[in-house]
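Right, one structure below, let's go through it.
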Amino acid sequence: MRPKLTFDDICDIFEIDAQMKYFYNLADTITRETKGNLVNVRAIVEFSNYCKRNCAYCGLNCHNTTLKRYRMQPEEIIDTALQAADAGYKTVVLQGGEDPEFTADLFAQIIKEIKSKRDIAITLSAGEMTEDEYRTIKKAGCDRYLLKHETTNFEIYSQLHPGYSISDRKECLHTLKRLGFETGGGFMIGLPGQTVETIAHDLEFIASVPCDMAGIGPFIPHPQTPLEKAAPGSTDKTRRAVAIARIMLPEINLPATTSLGVLDMEERNKVFYGGANVIMKKVTPPQYRKLYEIYPVKHGKIKTIAEERAEINRLLESIGKEYD
Ligand code: SAH
């Protein structure tokens, strides 16, 4: 039997360096027991950068008037998802801002169309909706929903999302779980005002839902947001949080987050040996990629979806991982 981590244990893991080798090894052992040596590679289509929300950390927030906005057409989204399936992806994540043009009925049509043409799991990541709306997309065949809670800390959440409430966000995750979605939560490391206790509460919240997946990534300042001058989150704390999540929830799916890779590619690769078992790869058509700027990212040469998939397969092989 493995001991259950208490709140104080979790805080200690962030503060005591001497134990880290033990905890990373434990997280890796558990990952191998529950997931083998396998990394699931998932395609992400960023379908719209319109957003009605005002998240203070996010480059897509509605007050960023310098950003050129785009919205993919339904046929374009479907076609991109089919190309991803043909390149070997078994899951496609459709992610966007909270764009009022994308109603639950429209998502339902898009999901049904993709599902009728390919055997591929679909994750939607499109923010907060009502229970009825979530039910509509579930009925259409949506398998998973990703809605990071961002932070469970009431004050920090309220400050970063004026007019919005953490209790609504948490409620959405409980609703998704109840409706039978594979439910993805998650949070950022390094939001201003966050302490190790805040992170411990975030981890306990993930365990309480319980989430089937958790995206844990460092905060990266975006120049066109109120947090432009804030410091980026710690990659070390991010890796510790991923390891703890794995120890608390042996079966959970944990991505090596894109934001971790943006700050430090070596740290991103190490996290596959400390709890992570998932990676997401953009398949968004190239002309939109620069515009889906949640945080600043360097964009490489334009390649096809299949070429990029082959590249990620090679990377995973080079670090000793199998992929699916
Ligand atoms: N509108 C969707 C998708 C949001 S973008 C939703 O509300 O769920 C996906 C995730 O990117 C967010 O949940 C957030 O955790 C992360 N993110 C946004 N801005 C970020 C930043 N500046 N640094 C790091 N991560 C960020």
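Read-outs throughout are calculated quantities, based only on the coordinates presented, and are distinct from any laboratory measurement. Since the structure is predicted, the reported quantities are computational estimates derived from the model, not experimental observations. Virtual Cβ from ideal backbone geometry, glycine too; neighbours counted across all protein chains shown.
Could you work out the local net charge near residue 90, counting Lys and Arg as +1, Asp and Glu as -1, over the other residues with Cβ closer than 15 Å to its Cβ? The answer is +2. Measuring gaps between exposed loop sites in the chain (GluC sites (Glu not before Pro); DSSP loop; at most 12 other Cβ atoms within 10 Å), the longest gap, sites not included, is 102-227.
Mean sequence separation of contacting Cα pairs (under 8 Å, at least six apart), scaled by the length of the chain, corresponds to a relative contact order of 25 percent. Counting only DSSP beta bridges with both residues in the chain, the antiparallel share comes to about 5 percent. Report the local net charge at residue 104: Lys and Arg +1, Asp and Glu -1, summed over other residues whose C-beta lies under 9 Å from its C-beta. Once positives and negatives cancel, what remains is -2. Two numbers describe the Cα atoms of region 53-171: Rg and Dmax, which are 15.6, 45 Å. Spin-label model, residue 103 to residue 319: label points 7 Å out along the Cα-to-beta-carbon direction sit 4.3 nm apart. Counting 0.36 nm for each residue step from residue 265 to residue 164 and taking away their Cα separation leaves a gain of 33.0 nm. Counting charges near residue 236 (Lys, Arg +1; Asp, Glu -1) among other residues having Cβ under 13 Å from its Cβ returns a value of 0. Report Rg/Rh for region 167-280, rounded to two decimals, where Rg is the Cα radius of gyration and Rh the Kirkwood radius. On the Cα set of region 167-280, Rg over Rh gives 0.97.
Between residue 62 and residue 178, the simple spin-label model (points 7 angstrom out along Cα→Cβ) gives 2.7 nm.
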